[in-house]
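A.B. asks: Quick one: the structure is below, and I'll ask about it shortly.
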Amino acid sequence: MLFDWFADLLTPCPRHFRALGYLRELRGIRARERAWSAAWAPHLENTRGILRAAAARCTSKRKAVVLGSGWLSDVPLAEVAEAFDKVVLVDALHPRAVRRQVRRWPNVELLAADVTGTTEAVWRRAAVPGATLPRTAPDLFVRDPEVDLVASVNLLSQLPCLPERYLLEVGVQSAEAIAAYSRGVVEGHLEYLRRLPGAVALIADVEMKTLDAAGQVVKREDTLFGARFPYRGQTWDWPIVPRQRRWPHHAQHLAVVGVVDLKGA
């Protein structure tokens, strides 16, 4: 606990990200990955495989951009950094461990950014009755002619989650407005990926499946807030919450799609 508290102090975190729980979620992801490392390993390797395949298709390798770099567990950073002249890792927050890790590659840059462009506005408007929730209009790297590869990594379904949770907790905005915001963020990210230069790869979960003790699916939930996902690619299950001793009756798996070439899919 003391180490986590110290690490939090050393992770730059703007006020609106902290209020919406981004720092807490960052630490939670790390804890879950450590607890369920064996169950998560195939998903992480499948993700890295999609990124390797996408990088291999690029005839020019000037700049690669990774959206949702997180803890880098699902990013083959050494291979990408060796292949491209420059690599930009984009996430809302970059933990201290990641900032230390990337120092060994002088061509790797960290960019702290909200790729939806809406989080601060959500924080400011959440408690204002009648306030219009923001619409996403991301444009990072859209006009950068040097970008040869962009990868959105296990990010799509997560983009609206913390803002949605915050809005529901504050309880001022209508359920309909919050649902429209969340769906708009997912749709906006997919449209954004289509507008980016270079090749684009996408790894995203599209469905949550609850499994009983016999391994049968007893519940399915859309994880994209009703947004249409028109792409096909490699598919696999990620046991995001594997069956465990303290919860023996159910497990939760995410259905993941890995698209090597989104523009050609």
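A.B. asks: Pairs needed: first member in the stretch 214-243, surrounded by fewer than 17 Cβ atoms within 10 Å (Cβ to Cβ); second member anywhere, assigned to a loop (DSSP other than H, G, I, E, B) and among the β-branched types (Val, Ile, Thr); C-beta distance under 8 Å; at least 6 residues apart or different chains.
C.D. replies: Correct list of pairs: 234/260.
A.B. asks: Can I ask one more? Could you grab me the full set of residues in the stretch 119-133 that are over 15 Å from residue 21 (Cα atoms) and among the polar types (S, T, N, Q)?
C.D. replies: Passing the criteria: only 132.
A.B. asks: Sticking with this structure for a sec: Any residue in the stretch 156-176 that's basic (Lys, Arg): show its pairings with residues that are in a helix (DSSP H, G or I) at Cβ separation under 8 Å, as long as the two are six or more apart or on different chains.
C.D. replies: 165/20
A.B. asks: Given 121, 56, which one is without any contact (Cβ under 8 Å) to a residue 24 or more places away in the chain, surrounded by fewer than 21 Cβ atoms within 10 Å (Cβ to Cβ) and closer than 19 Å to residue 262 by Cβ?
C.D. replies: On the way: 121 fails: closer than 19 Å to residue 262 by Cβ.
One residue alone meets the criteria, 56.
A.B. asks: Further, regarding this structure: Filter the stretch 78-113 for residues that are buried (at least 19 other Cβ atoms within 10 Å of the Cβ) and not hydrophobic (A, V, I, L, M, F, W, C); which is modelled with the lowest pLDDT?
C.D. replies: Step by step, filter the stretch 78-113, then rank; the result is 95.
A.B. asks: Which one of these is over 15 Å from residue 128 (Cα atoms), open to solvent by 50 Å² or more (accessible area, probe 1.4 Å), not in a strand (DSSP E or B) and not aromatic (Phe, Trp, Tyr): 169, 176? Break it down stepwise before answering.
C.D. replies: Details: 169 fails: over 15 Å from residue 128 (Cα atoms).
Result: 176 is the single residue among 169, 176 that is over 15 Å from residue 128 (Cα atoms), open to solvent by 50 Å² or more (accessible area, probe 1.4 Å), not in a strand (DSSP E or B) and not aromatic (Phe, Trp, Tyr).
A.B. asks: Give the residue, chosen from 132, 116, that is of a type in the set (Ser, Thr, Tyr), part of a loop (DSSP other than H, G, I, E, B) and surrounded by 15 or more Cβ atoms within 10 Å (Cβ to Cβ). Full working, then the answer.
C.D. replies: Numbers: 132 fails: surrounded by 15 or more Cβ atoms within 10 Å (Cβ to Cβ).
Answer to the selection: 116.
The values are calculated or read from the model by the stated rules, or taken from the named source; none is laboratory data. Not measured: the values here are computed from a predicted model. Cβ: placed from backbone, ideal geometry, glycine included. Neighbour counts: every protein chain shown. In case anyone asks, the SASA skips ligands and DNA or RNA and just uses the protein heavy atoms, side chains included. Shrake-Rupley method; radii C 1.70, N 1.55, O 1.52, S 1.80 Å.
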